[in-house]
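Peer 1: This structure is in structure tokens; I'll ask about it shortly.
The values are calculated or read from the model by the stated rules, or taken from the named source; none is laboratory data. Remember, predicted model here, so these are calculated numbers, not experimental data. So basically every Cβ, Gly included, is an ideal-geometry build from the backbone, and we count neighbours across all protein chains shown. Side chains are part of the model used for accessible areas, which takes the heavy atoms of the whole protein and leaves out ligands, DNA and RNA. Shrake-Rupley method; radii C 1.70, N 1.55, O 1.52, S 1.80 Å.
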Amino acid sequence: MSEQPRRPRKPGKPYRRPQKDPVRILAFEALRAVDERDAYANLVLPPLLRKAREADGFDARDAALATELVYGTLRRQGTYDAVIAECVDRPLREVDPPVLDVLSLGAHQLLGTRIPSHAAVSASVELARVVLGDGRAKFVNAVLRKVARDDLDGWIEKVAPPYDDDPEEHLAVVHSHPRWVVSALWDSLGGPRAGIEELLAADNERPEVTLVARPGRATTEELLGEDAAVAGRWSPYAVRLTEGGEPGAVEAVRDGRAGVQDEGSQLVALAVANAPLEGPDRRWLDGCAGPGGKAALLAALAAERGAFLLASEKQPHRAGLVAKALAGNPGPYQVIAADGTLPAWQPGSFDRVLVDVPCTGLGALRRRPEARWRRRPADLDGFAPLQRGLLRGALEAVRVGGIVGYATCSPHLAETRAVVADVLKQVPGAELIDARPLLPGVPELGEGPDVQLWPHLHGTDAMYLAVVRRTA
């Protein structure tokens, strides 16, 4: 029996291996870590970039693009989710999270960068082939081609309700903040629409790196010798790296003589150090010292006056970070692991006390954009007892005539004025003093006596400060 001839194969495209793009793969890995492990991008990204420099030969441009892709995607996640939802055939919650991360990266390249549309789609599909497989890459391709049909302004007109119909939801979609955060920030800021829009827009800007020259150990003149370094706006110890410089490349930072510290944080420490006292000025306390930035500045300022700083932090591993930040301080100090609500010291032991209390972190959304999507209104109830307990403990720790600084990196009224007002009702012999003169040269500090800093007005994190004097 003769062998039947084989049918010729239908012509088709030969299989092509996906092209690996180290920059976009790294950005995807960072987003997965943020999503899967509740990690923070500012902690995840640096080690990934270091590894990429060693293994893949990343240069400065590669690192800059990867950083922009990660932070840009996280900042505009809410807006991109609304756009993507219009381009898929199922509820967004039914899209696998890794697929949604690739879609969000692609949406950012299409709507938030100058990358040409065809290149943004092509690069995203190649990324999907590498990390998701060919099948889901086809889905990514179809969705992103729909996204590419319009620009960001055009999409916002489609997915955001008109401002007049629902102001808060309109702002939430346009500026990529959860609605409850928009409402809370608007309440805290007050004023017209222009102010809240400027604030929300500032939250989506990449912040400059700000250094602090620790007194007695480094000078601003030394730091100003670095590339693209300019003086800070308000703190005499601040220097800004205007082109996103690498702090680890600065010798004074490597030596611990200087550090990375937002100017708002510096201003809080300076205000507590410079508040007028009645009586001696020998013993200072930082009651919530981790991770150590304010404590290091306070310790250096205390050393100049011959004062002693006790830096207390409840979590032992964070107390270790404080000890590292204070290592080499020229004056006397001690770092302990202790709970500020259950003091390890006698009442009335200190002349100055700072408590920068744990909070929702809504004042640092420029630096930790993912926090806006993790926080819930219920978190406020979780922090409230601790914040009040720490302020009460601080007022017990300070002597009559001494001062307490209550600070938090949140402008939410439930974490700021409400806490101070409640505690002052419960603790006799304590009064608010005007904190505004303690920030000389800083404009638009409100009606006082407390102070709220803002990213759009001051270029700082939204730090809050109330200064209380113990009178009896």
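Peer 1: Please calculate the 1.4 Å probe accessible area of residue 399, with all protein chains present, and give it to the nearest 10 Å².
Peer 2: Around 40 Å² of this residue is reachable by solvent.
Peer 1: First obtain the Kirkwood hydrodynamic radius of the stretch 388-472 from its Cα pairs, then insert it into the Stokes-Einstein equation at 4 °C and 1.567 mPa s, and state the resulting D in µm² per second as a whole number. Don't jump to the answer; show the numbers that get you there.
Peer 2: Details: Rh = 13.2 Å.
Roughly 98 µm²/s, to the nearest whole number.
Peer 1: If you don't mind, there's one more thing I want to ask. Would you compute the Debye intensity of the stretch 320-386 from its alpha-carbon atoms alone, equal scatterers and no solvent, and pass along log10 I(q)/I(0) at q = 0.15, 0.25, 0.28 Å⁻¹ to two decimals?
Peer 2: Each listed q maps to, in turn, -0.78, -1.16, -1.25.
Peer 1: Report, in degrees rounded to the nearest 10, the 0 to 90 angle that the Cα long axis of helix 263-274 makes with the longest principal axis of the chain.
Peer 2: That works out to roughly 10 degrees.
Peer 1: Here is a further query. Among 51/294; 294/425; 294/314, which pairs are too far apart, with a Cα-Cα distance over 19 Å?
Peer 2: In this structure, 51/294; 294/425 lie more than 19 Å apart at Cα.
Peer 1: Along the stretch 164-174, what does the Karplus equation 6.51 cos²θ - 1.76 cosθ + 1.60 (θ = phi - 60°) give for ³J(HN,Hα), rounded to whole Hz, x for Gly and Pro?
Peer 2: 5, 7, 7, x, 5, 5, 4, 5, 4, 6, 5
Peer 1: What residues have an amide H closer than 5 Å to that of residue 356, excluding those fewer than 5 places away on the same chain, when H is modeled at 1.01 Å from N in the peptide plane?
Peer 2: Under 5 Å from the amide H of residue 356: 287, 288, 407.
Peer 1: Further question on the same structure: Excluding residue 219 itself, calculate the net charge of residues whose Cβ lies under 14 Å from the Cβ of residue 219, where each Lys or Arg counts +1 and each Asp or Glu counts -1.
Peer 2: Working: positive: 214, 217, 257; negative: 221, 222, 226, 251, 255, 304.
With Lys, Arg at +1 and Asp, Glu at -1, the net is -3.
Peer 1: Please give the net charge around residue 460, taking every other residue with its beta carbon less than 9 angstrom from that of residue 460, where Lys and Arg add +1 and Asp and Glu add -1.
Peer 2: Numbers: positive: 233; negative: 262, 263, 461.
Net local charge, residue 460 excluded: -2.
Peer 1: Separation between the residue 159 and residue 277 pseudo-spin-labels, each 7 Å from Cα along Cα→Cβ, expressed in nm?
Peer 2: According to this spin-label approximation, the distance is 5.4 nm.
Peer 1: Compute the distance from the alpha-carbon center of the stretch 281-314 to that of the stretch 422-472, in whole Å.
Peer 2: After rounding, the separation between the Cα centres reads 20 Å.
Peer 1: Further, regarding this structure: Assuming R0 = 35 Å, can you tell me the calculated FRET efficiency for the pair residue 471 and residue 336, based on Cβ-Cβ distance, to the nearest 0.05? List each step's numbers first, then the result.
Peer 2: On the way: r = 28 Å, r/R0 = 0.81.
Efficiency at R0 = 35 Å is approximately 0.80.
Peer 1: If I model a spin label as a point 7 Å beyond the Cα along the Cα-Cβ vector, how far apart are those points for residue 417 and residue 260 in nm?
Peer 2: In this crude spin-label approximation the distance works out to 3.4 nm.
Peer 1: Let me ask something additional. Excluding ligands, DNA and RNA, what is the solvent-accessible area per residue of the chain at a probe of 1.4 Å, expressed in Å²? Mind dumping the intermediate values first?
Peer 2: Numbers: 21890 Å² over 472 residues.
I get 46 Å² per residue for the chain.
Peer 1: Here is a follow-up. How far is helix 41-55 tilted, in degrees, relative to the longest principal axis of the Cα atoms in the chain, given as a value from 0 to 90 rounded to the nearest 10?
Peer 2: On a 0 to 90 degree scale, this one is about 60.
Peer 1: On a full-extension model of 0.36 nm per residue, what is the gain between residue 197 and residue 431, subtracting their alpha-carbon distance, rounded to one decimal in nm? Working shown, then result.
Peer 2: Working: separation 234, 0.36 × 234 = 84.24 nm, distance 3.46 nm.
80.8 nm is the gain from fully extending residue 197 to residue 431.
Peer 1: Measure off, as a whole percent, the carbon and sulfur share of the 1.4 Å-probe accessible area of the chain, all protein chains present. If you can, show how the numbers build up before the last one.
Peer 2: Values: 10960 of 21890 Å².
Its accessible area is 50 percent carbon and sulfur atoms.
Peer 1: Taking K and R as +1 and D and E as -1, what net charge do the other residues with C-beta under 10 Å from the C-beta of residue 26 add up to? Show your work: numbers first, answer last.
Peer 2: Working: positive: 24, 51; negative: 21, 29, 56, 62.
So the surrounding residues net to -2.
Peer 1: P(r) for the stretch 40-81: what percent of alpha-carbon pairs falls in each 10 Å bin, starting at zero?
Peer 2: Computed distribution, short to long bins: 28, 48, 20, 3.
Peer 1: Provide the descending list of Cα extents for the chain along its principal axes, expressed in whole angstroms.
Peer 2: 111, 52, 43
Peer 1: In addition: Suppose R0 equals 41 Å; then what is the FRET efficiency for residue 59 and residue 346 from their Cβ-Cβ distance, rounded to the nearest 0.05? Mind dumping the intermediate values first?
Peer 2: Details: r = 57 Å, r/R0 = 1.39.
Calculated transfer efficiency: 0.10.
Peer 1: For a quick check of understanding: with a 1.4 angstrom probe and all protein chains in place, what accessible area in square angstrom does residue 444 have, to the nearest ten?
Peer 2: 120 Å²
Peer 1: Right, next: Tell me which residues come under 5 Å, amide H to amide H, from residue 209 once H is placed; ignore anything under 5 positions away on its chain.
Peer 2: Here the answer is 241, 244, 245, since their amide H atoms fall under 5 Å of that of residue 209.
Peer 1: Tell me the relative contact order for the chain as a rounded percent, counting alpha carbon contacts under 8 Å between residues six or more apart.
Peer 2: On the way: 835 pairs, mean separation 54.1, N = 472.
Relative CO of the chain lands at 11 percent.
Peer 1: Which whole-Hz ³J(HN,Hα) couplings does the stretch 322-336 yield from phi under the Karplus relation 6.51 cos²θ - 1.76 cosθ + 1.60, θ = phi - 60°, glycine and proline marked x?
Peer 2: 5, 4, 5, 5, 8, 4, x, 4, x, x, x, 7, 8, 10, 10
Peer 1: Can you work out the PRE-style zone for residue 249? Point 7 Å along Cα to Cβ, and I want the residues of the stretch 205-230 with backbone N under 13 Å.
Peer 2: Under 13 Å, as judged by backbone N against the label point of residue 249, lie 226-229 of the stretch 205-230.
Peer 1: Once both axes come from the Cα atoms, what is the angle between helix 60-75 and the longest principal axis of the chain, in degrees from 0 to 90, rounded to 10?
Peer 2: 80 degrees
Peer 1: Apply the Karplus curve 6.51 cos²θ - 1.76 cosθ + 1.60, θ = phi - 60°, to the phi angles in the stretch 386-402 and return the couplings in whole Hz, x for Gly and Pro.
Peer 2: 5, 4, 5, x, 5, 5, 4, x, 5, 5, 6, 6, 8, 7, 4, x, x
Peer 1: Also, quick follow-up: Using the Kirkwood radius over C-alpha pairs as Rh, can you work out the diffusion coefficient of the stretch 65-179 via Stokes-Einstein at 4 °C, viscosity 1.567 mPa s, in µm² per second?
Peer 2: Working: Rh = 14.2 Å.
Result for D is 91 µm²/s.
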